[in-house]
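These notes are about the structure you will find just below.
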Amino acid sequence: MNLKFALSALCAMFVIGSTFDSIAAETDANVTGKPVPRVDATPTSITPPAATPQSETVPSAGRRTPPDANPEAEYRVGPQDLIEIVVYGLPELARTVRVNAKGQISLPLIGQVDVTGLTAQALERTIAERLSEKYLQNPQVTVFIKEFTTLRFTVEGAVNRPGVFPLVGQMTLLRALAIAGGQGPLSDMTEILLFRVTPVGESILVKYDATKIRTGEAPDPLIQNDDLVVINRSKARAAFKDSLFRDIFEVINPIPFLR
């Protein structure tokens, strides 16, 4: 019994001594600033540094580039057109006026001006000449036709509201489709036909994919006077809708996916 007690006391003294030695070593390290090495029996897994991602330049899916055609370039002003006129450096002379039934507009200083049959560039020169006669020296005049009331375009085919519409402002193909009520239930938007008559009387046909225009993969073309836009029905979708299997499919999947 005494032997067991002696052995237990000896072990306890050994443990207490080891603890005091460890505390003393850490205290010395804090005082002297020297690190105390520690041995960890558990192996440490070394994680390799993460690879730095390389910067990659992704080409743009499609930038919207301004089309070359400009319907204002050769357009001639007519009655009821809305015109914005700006004189550089003189904001008090700026006006937005509508051409009256006689083909005239009224401006400060120069009064009535005949504008019927003039292009925007010709009207700029006319106003500048009238202003320079008595009032200004070398005036810089800018004319912008905001509404083309004498121009028309037609949208026909698989749209919700086909018809003839006035060409107002900068009209593009997507805007023309929106004015016509948007695409119909069975429209094929991948092949829109645009019929145009050139100034020399030549008829041309241009095909556009509205799905690519919407995603920016193709530019949105400008609509010109007397353009005819035709949206055909999708043959595959129309055939499926008209088939005998349509009723069966609607029972299985009642979600209308053809719209």
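The numbers here are math on the coordinates, done by the rules we state, and not lab data. Since this is a predicted model, take the numbers as computed values, not measurements.
Assorted remarks:
- Relative contact order (%) - criterion: Cα under 8 Å, at least six apart; region: region 178-221: 30
- Here the gap between K207 and A101, fully extended at 0.36 nm per residue and compared with their Cα-Cα distance, gives a gain of 34.3 nm.
- The relative contact order of region 104-180 comes to 19 percent, based on Cα pairs under 8 Å that sit 6 or more residues apart.
- Subtracting the Cα-Cα distance of A122 and Q137 from their residue separation scaled by 0.36 nm leaves 3.5 nm.
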